[in-house]
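Q: So that we are looking at the same thing, I have put the structure below in C-alpha coordinates.
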Amino acid sequence: MKRKLIVANWKMNQLLAQLRQFFKTLADAKITSDAVELVVCPSLPYLASAVEAASGSKVAIGAQNVSECDFGAFTGEVAAQMLTDIGCKWVLIGHSERRSLYHETDELVGKKTAKALSVGLNPILCVGETLAQREAGITDATVQSQLRAALKGIAAQTQPELVFAYEPVWAIGTGKTATAEEANRVHGVIRQELAAIYGEAAARSARILYGGSAKPDNAASLLQQPHIDGLLIGGASLAADSFAKIAAAGVVPG
Ligand code: PGA
(Lines give C-alpha, C1' and ligand atoms only; values in the text may rest on other atoms or scores of the structure.)
Protein backbone atom coordinates (compact mmCIF):
# COMPACT_ATOMS: atom_id res chain seq x y z
CA MET A 1 0.00 0.00 0.00
CA LYS A 2 1.51 3.31 -1.11
CA ARG A 3 1.45 6.14 1.40
CA LYS A 4 -0.44 9.21 0.23
CA LEU A 5 1.89 12.15 -0.25
CA ILE A 6 0.33 15.50 0.68
CA VAL A 7 2.45 18.46 -0.40
CA ALA A 8 1.96 22.16 0.40
CA ASN A 9 3.28 24.55 -2.24
CA TRP A 10 3.25 27.95 -0.59
CA LYS A 11 4.58 29.68 -3.72
CA MET A 12 5.69 33.28 -2.86
CA ASN A 13 3.63 33.55 0.33
CA GLN A 14 3.98 33.49 4.15
CA LEU A 15 6.31 35.41 6.46
CA LEU A 16 8.19 33.93 9.42
CA ALA A 17 5.45 34.50 12.01
CA GLN A 18 2.91 32.79 9.72
CA LEU A 19 5.27 29.89 9.15
CA ARG A 20 5.72 29.37 12.90
CA GLN A 21 1.98 29.57 13.51
CA PHE A 22 1.35 27.10 10.67
CA PHE A 23 3.64 24.45 12.17
CA LYS A 24 2.18 24.98 15.63
CA THR A 25 -1.40 24.57 14.37
CA LEU A 26 -0.43 21.58 12.24
CA ALA A 27 1.21 19.90 15.24
CA ASP A 28 -1.98 20.47 17.24
CA ALA A 29 -3.95 18.69 14.49
CA LYS A 30 -1.96 15.53 15.34
CA ILE A 31 -1.76 13.89 11.93
CA THR A 32 0.26 10.91 13.06
CA SER A 33 -1.02 8.15 10.76
CA ASP A 34 1.58 6.38 8.64
CA ALA A 35 -0.97 6.33 5.81
CA VAL A 36 0.06 9.88 4.86
CA GLU A 37 3.35 11.61 4.36
CA LEU A 38 3.45 15.41 4.61
CA VAL A 39 5.74 17.88 2.85
CA VAL A 40 5.73 21.68 3.06
CA CYS A 41 7.51 23.79 0.43
CA PRO A 42 8.06 27.38 1.68
CA SER A 43 9.94 30.17 -0.08
CA LEU A 44 13.70 29.97 -0.14
CA PRO A 45 14.61 32.35 2.75
CA TYR A 46 12.45 30.28 5.12
CA LEU A 47 13.62 26.79 4.32
CA ALA A 48 16.00 26.52 7.27
CA SER A 49 13.39 27.96 9.66
CA ALA A 50 10.86 25.46 8.32
CA VAL A 51 13.29 22.56 8.82
CA GLU A 52 13.71 23.72 12.42
CA ALA A 53 9.97 24.26 13.00
CA ALA A 54 9.19 20.80 11.59
CA SER A 55 11.91 18.94 13.44
CA GLY A 56 10.56 16.09 15.53
CA SER A 57 7.35 16.05 13.48
CA LYS A 58 6.44 13.89 10.50
CA VAL A 59 6.56 16.87 8.13
CA ALA A 60 9.44 17.05 5.66
CA ILE A 61 10.51 20.26 3.95
CA GLY A 62 10.88 20.88 0.24
CA ALA A 63 12.10 23.72 -1.97
CA GLN A 64 10.11 25.12 -4.89
CA ASN A 65 13.03 25.27 -7.30
CA VAL A 66 16.70 24.31 -7.66
CA SER A 67 19.56 25.03 -10.01
CA GLU A 68 20.62 22.45 -12.57
CA CYS A 69 24.26 23.46 -11.96
CA ASP A 70 26.89 22.64 -9.37
CA PHE A 71 28.49 25.36 -7.22
CA GLY A 72 29.86 28.28 -9.18
CA ALA A 73 29.27 31.72 -10.61
CA PHE A 74 25.47 31.62 -10.89
CA THR A 75 24.23 34.73 -9.09
CA GLY A 76 20.82 34.24 -7.53
CA GLU A 77 20.73 30.48 -7.97
CA VAL A 78 20.62 27.76 -5.31
CA ALA A 79 22.53 24.48 -5.61
CA ALA A 80 20.86 21.15 -4.85
CA GLN A 81 23.68 20.42 -2.37
CA MET A 82 22.68 23.54 -0.40
CA LEU A 83 19.15 22.24 -0.05
CA THR A 84 20.23 18.86 1.32
CA ASP A 85 22.82 20.60 3.50
CA ILE A 86 20.13 22.49 5.42
CA GLY A 87 17.86 19.47 5.73
CA CYS A 88 15.51 19.77 2.75
CA LYS A 89 14.29 16.41 1.50
CA TRP A 90 12.16 17.39 -1.49
CA VAL A 91 12.09 19.82 -4.40
CA LEU A 92 9.37 20.83 -6.86
CA ILE A 93 10.61 20.81 -10.44
CA GLY A 94 8.94 22.11 -13.58
CA HIS A 95 5.91 23.68 -11.92
CA SER A 96 3.81 25.35 -14.63
CA GLU A 97 4.56 28.79 -13.14
CA ARG A 98 8.28 28.08 -13.59
CA ARG A 99 7.62 26.92 -17.13
CA SER A 100 5.38 29.81 -18.19
CA LEU A 101 6.81 32.75 -16.21
CA TYR A 102 10.49 31.76 -16.19
CA HIS A 103 10.65 29.90 -19.48
CA GLU A 104 11.78 26.56 -18.10
CA THR A 105 11.89 23.99 -20.89
CA ASP A 106 11.46 20.22 -20.65
CA GLU A 107 15.21 19.92 -21.17
CA LEU A 108 15.96 22.19 -18.21
CA VAL A 109 13.36 20.38 -16.11
CA GLY A 110 15.17 17.12 -16.93
CA LYS A 111 18.55 18.57 -15.93
CA LYS A 112 17.17 19.86 -12.62
CA THR A 113 15.57 16.49 -11.92
CA ALA A 114 18.84 14.67 -12.58
CA LYS A 115 20.75 17.11 -10.37
CA ALA A 116 18.31 16.72 -7.49
CA LEU A 117 18.47 12.93 -7.69
CA SER A 118 22.26 12.98 -7.81
CA VAL A 119 22.47 14.65 -4.39
CA GLY A 120 19.72 12.58 -2.77
CA LEU A 121 16.86 15.09 -3.02
CA ASN A 122 13.44 13.68 -3.91
CA PRO A 123 12.13 15.58 -6.95
CA ILE A 124 8.44 16.18 -7.63
CA LEU A 125 8.33 16.56 -11.40
CA CYS A 126 5.27 18.53 -12.53
CA VAL A 127 3.52 18.14 -15.87
CA GLY A 128 0.17 19.34 -17.20
CA GLU A 129 -1.65 20.83 -20.13
CA THR A 130 -2.85 24.40 -20.68
CA LEU A 131 -6.49 25.19 -21.42
CA ALA A 132 -5.65 25.66 -25.11
CA GLN A 133 -3.99 22.24 -25.22
CA ARG A 134 -6.98 20.64 -23.48
CA GLU A 135 -9.39 22.29 -25.91
CA ALA A 136 -7.27 21.13 -28.83
CA GLY A 137 -7.64 17.56 -27.56
CA ILE A 138 -3.91 17.11 -26.89
CA THR A 139 -3.94 16.67 -23.10
CA ASP A 140 -2.53 13.14 -23.22
CA ALA A 141 0.05 13.90 -25.89
CA THR A 142 1.19 16.96 -23.90
CA VAL A 143 1.86 15.14 -20.65
CA GLN A 144 3.42 12.22 -22.50
CA SER A 145 5.86 14.43 -24.35
CA GLN A 146 6.70 16.46 -21.21
CA LEU A 147 7.55 13.24 -19.41
CA ARG A 148 9.52 11.67 -22.25
CA ALA A 149 11.59 14.82 -22.76
CA ALA A 150 12.30 15.44 -19.07
CA LEU A 151 13.14 11.81 -18.26
CA LYS A 152 15.59 11.31 -21.10
CA GLY A 153 18.69 9.77 -19.55
CA ILE A 154 17.17 9.47 -16.06
CA ALA A 155 17.07 5.93 -14.67
CA ALA A 156 14.15 4.53 -12.67
CA GLN A 157 14.48 5.66 -9.06
CA THR A 158 13.30 4.47 -5.71
CA GLN A 159 15.93 6.10 -3.52
CA PRO A 160 15.79 9.09 -3.74
CA GLU A 161 12.20 8.85 -4.89
CA LEU A 162 11.14 10.46 -8.14
CA VAL A 163 7.53 11.57 -7.71
CA PHE A 164 5.28 12.98 -10.45
CA ALA A 165 2.58 15.62 -10.23
CA TYR A 166 -0.21 16.10 -12.75
CA GLU A 167 -1.20 19.75 -12.63
CA PRO A 168 -3.59 20.87 -15.36
CA VAL A 169 -2.59 24.51 -15.81
CA TRP A 170 -6.22 25.64 -16.20
CA ALA A 171 -7.01 24.25 -12.74
CA ILE A 172 -4.18 25.97 -10.86
CA GLY A 173 -5.39 28.80 -8.64
CA THR A 174 -8.62 29.09 -10.61
CA GLY A 175 -11.01 27.21 -8.34
CA LYS A 176 -11.66 24.84 -11.27
CA THR A 177 -10.66 21.31 -10.38
CA ALA A 178 -10.42 18.49 -12.84
CA THR A 179 -13.12 15.98 -11.92
CA ALA A 180 -11.71 13.13 -9.88
CA GLU A 181 -12.47 10.76 -12.76
CA GLU A 182 -10.73 12.91 -15.36
CA ALA A 183 -7.71 13.49 -13.11
CA ASN A 184 -7.53 9.74 -12.54
CA ARG A 185 -7.73 9.09 -16.28
CA VAL A 186 -4.78 11.38 -17.01
CA HIS A 187 -2.85 9.82 -14.11
CA GLY A 188 -3.44 6.51 -15.86
CA VAL A 189 -1.96 7.96 -19.05
CA ILE A 190 1.07 9.14 -17.08
CA ARG A 191 1.47 5.71 -15.50
CA GLN A 192 1.30 4.06 -18.93
CA GLU A 193 3.98 6.39 -20.19
CA LEU A 194 6.14 5.57 -17.16
CA ALA A 195 5.60 1.87 -17.90
CA ALA A 196 6.82 2.44 -21.45
CA ILE A 197 9.93 4.20 -20.12
CA TYR A 198 10.71 2.24 -16.95
CA GLY A 199 8.65 -0.94 -17.11
CA GLU A 200 5.43 -2.04 -15.42
CA ALA A 201 6.76 -2.56 -11.90
CA ALA A 202 8.37 0.88 -11.62
CA ALA A 203 5.26 2.50 -13.09
CA ARG A 204 3.00 0.73 -10.64
CA SER A 205 5.03 1.83 -7.62
CA ALA A 206 5.54 5.45 -8.79
CA ARG A 207 3.58 8.02 -6.83
CA ILE A 208 1.60 10.47 -8.97
CA LEU A 209 0.10 13.52 -7.25
CA TYR A 210 -2.77 15.69 -8.46
CA GLY A 211 -2.55 19.48 -8.20
CA GLY A 212 -4.96 22.25 -9.22
CA SER A 213 -7.51 23.74 -6.80
CA ALA A 214 -7.36 20.76 -4.46
CA LYS A 215 -9.02 21.68 -1.15
CA PRO A 216 -10.65 20.08 1.90
CA ASP A 217 -13.95 19.67 0.00
CA ASN A 218 -12.60 17.66 -2.90
CA ALA A 219 -9.53 15.98 -1.34
CA ALA A 220 -11.23 12.75 -0.34
CA SER A 221 -12.83 12.12 -3.74
CA LEU A 222 -9.53 12.80 -5.50
CA LEU A 223 -7.53 10.64 -3.10
CA GLN A 224 -9.93 7.72 -3.50
CA GLN A 225 -9.05 7.37 -7.18
CA PRO A 226 -6.81 4.39 -7.84
CA HIS A 227 -4.12 6.33 -9.75
CA ILE A 228 -4.01 9.36 -7.42
CA ASP A 229 -1.30 8.87 -4.81
CA GLY A 230 -1.38 12.29 -3.22
CA LEU A 231 -2.01 16.00 -3.73
CA LEU A 232 0.05 19.09 -4.47
CA ILE A 233 -1.79 22.01 -2.92
CA GLY A 234 -1.29 25.73 -3.44
CA GLY A 235 -3.91 28.13 -2.07
CA ALA A 236 -5.55 25.66 0.32
CA SER A 237 -2.20 24.80 1.92
CA LEU A 238 -1.54 28.27 3.36
CA ALA A 239 -3.77 27.77 6.39
CA ALA A 240 -2.69 24.89 8.60
CA ASP A 241 -6.24 23.82 9.45
CA SER A 242 -7.14 23.52 5.78
CA PHE A 243 -3.91 21.62 5.03
CA ALA A 244 -4.57 19.35 8.02
CA LYS A 245 -8.10 18.59 6.77
CA ILE A 246 -6.70 17.62 3.37
CA ALA A 247 -4.06 15.45 5.03
CA ALA A 248 -6.74 13.78 7.15
CA ALA A 249 -8.63 12.94 3.94
CA GLY A 250 -5.60 10.90 2.91
CA VAL A 251 -5.78 8.82 6.07
CA VAL A 252 -9.26 7.45 5.31
CA PRO A 253 -8.80 4.36 3.17
CA GLY A 254 -10.34 4.75 -0.28
P1 PGA B 1 -3.66 25.67 -6.31
O2 PGA B 1 -2.14 25.47 -6.80
O3 PGA B 1 -3.94 24.56 -5.31
O4 PGA B 1 -3.70 27.03 -5.68
O5 PGA B 1 -4.53 25.55 -7.50
C6 PGA B 1 -1.62 24.19 -7.02
C7 PGA B 1 -0.19 24.30 -7.48
O8 PGA B 1 0.13 25.22 -8.24
O9 PGA B 1 0.68 23.48 -7.08
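Q: Rounded to two decimals, what is Rg over Rh for the chain when you use alpha-carbon atoms and the Kirkwood radius?
A: With Rg and the Kirkwood Rh in hand, the quotient comes to 0.93.
Q: Additional query: Check residue 63: other-chain or 5+ apart residues with amide H under 5 Å from its amide H, H built from backbone geometry?
A: Correct list: 90, 91, 92.
Q: Let me ask something additional. Just the number please: accessible area per residue for the chain, 1.4 Å probe, all protein chains included, in Å².
A: Per residue, the chain has an accessible area of 45 Å².
Q: Estimate the FRET efficiency between residue 201 and residue 16 by the formula 1/(1 + (r/R0)^6), using the beta-carbon distance for r and 41 Å for R0, to the nearest 0.05.
A: 0.40
Q: Can you work out the FRET efficiency for the pair residue 131 and residue 179, with r the C-beta to C-beta distance and R0 = 25 Å, to the nearest 0.05?
A: The calculated FRET efficiency here is 0.95.
Q: Name the residues whose placed amide hydrogens come within less than 5 Å of the amide hydrogen of residue 31, ignoring near sequence neighbours (fewer than 5 apart) on the same chain.
A: none
Q: What is the set of long-range amide H partners of residue 86 at a cut-off below 5 Å, with H atoms built 1.01 Å from backbone N?
A: HN-HN under 5 Å from residue 86: empty list.
Q: Going by average Cβ density within 10 Å per residue, which order do the peptides 117-123, 10-16, 204-210, 93-99 take, highest to lowest?
A: The most tightly packed comes first, giving 93-99, 204-210, 117-123, 10-16.
Q: Kyte-Doolittle cut-off -0.5, length cut-off 20 Å along the helix's own axis using Cα: show which whole DSSP H helices in the chain pass.
A: 180-198
Q: Any idea how far the Cα center of region 195-254 sits from the one of region 27-84, in Å?
A: 19 Å
Q: Another question, if that's okay. Per DSSP helix of 4 or more residues, -39500 (n - 2.57); summed, then divided by the residues of the chain. What does that give at 222 nm, rounded to the nearest 500?
A: Calculated from helices alone, the mean residue ellipticity at 222 nm is -12500 deg cm²/dmol.
Q: Quick check on my link table: of 115/176; 89/111; 2/89, which ones sit more than 27 Å apart, alpha carbon to alpha carbon?
A: From the list (115/176; 89/111; 2/89), the Cα-Cα distance tops 27 Å for 115/176.
The values are calculated or read from the model by the stated rules, or taken from the named source; none is laboratory data. This structure is a prediction, so every number in the text was calculated from the model and none was measured. A quick note on method: Cβ atoms are made from the backbone with ideal geometry, for glycine too, and the neighbour counts reach across all protein chains shown. Just so you know, the surface numbers come from the protein's heavy atoms only, side chains and all, with ligands and any DNA or RNA stripped out. Shrake-Rupley method; radii C 1.70, N 1.55, O 1.52, S 1.80 Å.
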